[in-house]
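Heads up: the structure comes next, in structure tokens.
The values are calculated or read from the model by the stated rules, or taken from the named source; none is laboratory data. Everything numeric in this text was worked out from a predicted model, so none of it was measured. Here Cβ is always computed from backbone atoms with ideal geometry, including for glycine, and neighbour counts include all displayed protein chains.
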Amino acid sequence: MKWFLILWFAPVSLIIIWYGLSYNDVGLIFFSREVHDMTFKMYGDILGIPPDAIPPLLFRALAVDSLIVFSIVAFRYRKTIAAWIGKRQESYSEPVSEKEDILSSAP
């Protein structure tokens with residue numbers, strides 16, 4: 001499970017970091033706005049869509065992939081998560097004793 005998360009997180013984080021740095025034109029050649037625009041123009045030409053439509057599609061795909069990964073992790077650890085939720089619900093449903101109910105002992 002650890003390697004599954006690492007192999008998911010590494011490319012997702014790299015694409016998000018690259019996108020953020022190149023969109024803001026950090027200055028290095030790989031992180032320049034020119035490379036950013038050329039990359040999305042190339043993908044747009046390959047896919048036959050305008051380059052401006054690619055970033056929302058990319059982030060939507062990353063969101064769906066993340067949802068799938070987190071649901072796999074939640075399914076894998078469902079017993080641990082259910083026990084944790086059960087403990088939290090028990091702590092909220094404990095009755096308050098009479099001593100804790102009294103706010104002040106002054107007459």
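Which ones in the range 58-85 are surrounded by 12 or more Cβ atoms within 10 Å (Cβ to Cβ) and among the β-branched types (Val, Ile, Thr)?
VAL69, ILE72, VAL73, ILE81 - these are the residues of the range 58-85 that are surrounded by 12 or more Cβ atoms within 10 Å (Cβ to Cβ) and among the β-branched types (Val, Ile, Thr).
Out of LEU47, LEU28, report the one residue that is surrounded by 12 or more Cβ atoms within 10 Å (Cβ to Cβ) and aliphatic (A, V, I, L, M). Spell out the reasoning first.
Values: LEU28 fails: surrounded by 12 or more Cβ atoms within 10 Å (Cβ to Cβ).
Result: LEU47 is the single residue among LEU47, LEU28 that is surrounded by 12 or more Cβ atoms within 10 Å (Cβ to Cβ) and aliphatic (A, V, I, L, M).
Mind counting the residues in the range 1-22 that are surrounded by 12 or more Cβ atoms within 10 Å (Cβ to Cβ) and either of a type in the set (D, E, K, R) or in contact with a Lys or Arg (Cβ under 7 Å, 6 or more places away or on another chain) (or both)? Full working, then the answer.
Looking only at the range 1-22, we keep the residues that are surrounded by 12 or more Cβ atoms within 10 Å (Cβ to Cβ), and these are 4-5, 8-9, 12, 15-16, 18-19, 21-22.
Remaining after also requiring either of a type in the set (D, E, K, R) or in contact with a Lys or Arg (Cβ under 7 Å, 6 or more places away or on another chain) (or both): 22.
Looking only at that region, the number is 1.
Please return the ranges of helices (runs of 4 or more DSSP H) entirely within the range 16-107 where 1 or more residues are at pLDDT 90 or above and of a type in the set (D, E, K, R). First the steps, then the outcome.
Working: elements: 33-47, 54-76, 78-92, 98-101.
Because the criterion is at least 1 residues that are at pLDDT 90 or above and of a type in the set (D, E, K, R), the helices (runs of 4 or more DSSP H) in the range 16-107 that meet it are 33-47, 54-76, 78-92.
For VAL26, all conditions in the list (1) touching a residue at least 40 places away in the same chain (Cβ under 8 Å); (2) hydrophobic (A, V, I, L, M, F, W, C); (3) farther than 28 Å from VAL69 by Cα hold save one; what is the number of the exception?
Of everything listed in (1) touching a residue at least 40 places away in the same chain (Cβ under 8 Å); (2) hydrophobic (A, V, I, L, M, F, W, C); (3) farther than 28 Å from VAL69 by Cα, VAL26 misses just condition (1).
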